[in-house]
Amino acid sequence: MSWRTIVISNRCKLDLEMGYLVVRGEDTKRVVLDEINNIIIENSAVSITGCLISELTERKIKVVFCDNKRNPTAELVSLYGCHDCSLKIKKQQEWDDDTKAAIWTEIVTDKIRKQMEFLLELGFVDEADLLHIYIHDMRFNDITNREGHAAKVYFNALFGKEFTRSAECATNAALNYGYSLILSTFNREIVANGYLTQLGIFHDNMFNYFNLSCDLMEPYRVIVDRFVHEKAYTVFETEQKHEMINVLTSTVKINGSKQLIGNAIKIYTYSVFEALNDRNPSVIKNYTNEL
């Protein structure tokens, strides 16, 4: 089972040799590809061979490229995730509006529920009660935007009344970085299942390549929120970004067993596609933090 996240920070050449990722820099290091789940390339001076790119794509190993400020800017995404992509894409185009709305309602309700549970853990009882009311008041396809109202209450409780998601601060930088890591993991699983990340069930931005990923990842944002709240960053630079990668190695309970986040996302994503294709939101497998 792949589980390692490899971070490439210094100038080097990445190559393939006998099933190993070979990092040729001041020293030469090798990592067996079977163990690798993600590769994050932070240095724009890194070079990578075509044969390694081909093998990473074949193995569905996620590669994230960063800019000069070490912020994620691009990723390696396979064009074809499985043998029956054409059939899967045809199904995706045929998902009807009522089914998509029902799935979105389930997803956003679960997100607010996880926010509520986190607030209760931290002792924000009044705010948690308000989110419980939002869940009770949830309308089909969240037409009254309970998600947006819940987000304001939730983030103000976590990070203070003056906090906004648009502010330039270490907290938002950490949240955005963590969300981008989760988003990349969802991109990989969606493509691996043969679907298009561009065609969402709720998100529908013509400039967003990852509308479907943004839909599915919503309940998993709370995992990042937990991490950032615990760390209480006042700065968010290289050291903090490396620490943030530990989000991908945290564990949750899903489908009756303890799983790494990457495996949980795999199980959850597959179940969402089952729900969409069978028109049955009840088959979605949501995670819990009860280990």
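Only a single criterion out of (1) without any contact (Cβ under 8 Å) to a residue 24 or more places away in the chain; (2) assigned to a helix (DSSP H, G or I) is not satisfied by residue 164, namely (2). Please work out if residue 230 is open to solvent by 20 Å² or more (accessible area, probe 1.4 Å) and modelled with pLDDT of 95 or more. Here the answer is yes, as residue 230 does meet what is asked. Here is a check on your reading of the model: is residue 247 buried (at least 20 other Cβ atoms within 10 Å of the Cβ), over 19 Å from residue 131 (Cα atoms) and either touching a residue at least 60 places away in the same chain (Cβ under 8 Å) or among the aromatic types (Phe, Trp, Tyr) (or both)? Against the criterion (buried (at least 20 other Cβ atoms within 10 Å of the Cβ), over 19 Å from residue 131 (Cα atoms) and either touching a residue at least 60 places away in the same chain (Cβ under 8 Å) or among the aromatic types (Phe, Trp, Tyr) (or both)), residue 247 qualifies. One residue stands out in the range 11-60 among those that are open to solvent by 70 Å² or more (accessible area, probe 1.4 Å) and under 30 Å from residue 251 (Cβ atoms): the one that is modelled with the lowest pLDDT, namely 60. Among the residues of the range 176-183, at least one is open to solvent by 40 Å² or more (accessible area, probe 1.4 Å), at pLDDT 95 or above and under 17 Å from residue 72 (Cβ atoms).
Hey, among the residues in the range 61-70 that are touching a residue at least 24 places away in the same chain (Cβ under 8 Å) and among the charged types (D, E, K, R), which one's most open to solvent (accessible area, probe 1.4 Å)? Per the criteria, the residue is 70.
Any chance the range 91-105 includes a residue that's of a type in the set (Lys, Arg) and either assigned to a helix (DSSP H, G or I) or open to solvent by less than 60 Å² (accessible area, probe 1.4 Å) (or both)? Looking for residues that are of a type in the set (Lys, Arg) and either assigned to a helix (DSSP H, G or I) or open to solvent by less than 60 Å² (accessible area, probe 1.4 Å) (or both), one finds at least one in the range 91-105, hence yes. Among the residues making up the range 113-136, those that are among the acidic types (Asp, Glu) and open to solvent by 70 Å² or more (accessible area, probe 1.4 Å) are 117, 121, 126, 129. If you go through the range 260-277, how many residues are farther than 18 Å from residue 212 by Cα and open to solvent by 40 Å² or more (accessible area, probe 1.4 Å)? Total satisfying the criteria: 1.
The values are calculated or read from the model by the stated rules, or taken from the named source; none is laboratory data. If you're wondering where the values come from, they're calculated on a predicted model, not measured in any experiment. Note that we place each Cβ from the backbone using ideal geometry, even for glycine, and neighbour counts take in every protein chain shown. Surface areas here come from the heavy atoms of the whole protein model, side chains and all, with no ligands, DNA or RNA. Shrake-Rupley method; radii C 1.70, N 1.55, O 1.52, S 1.80 Å.
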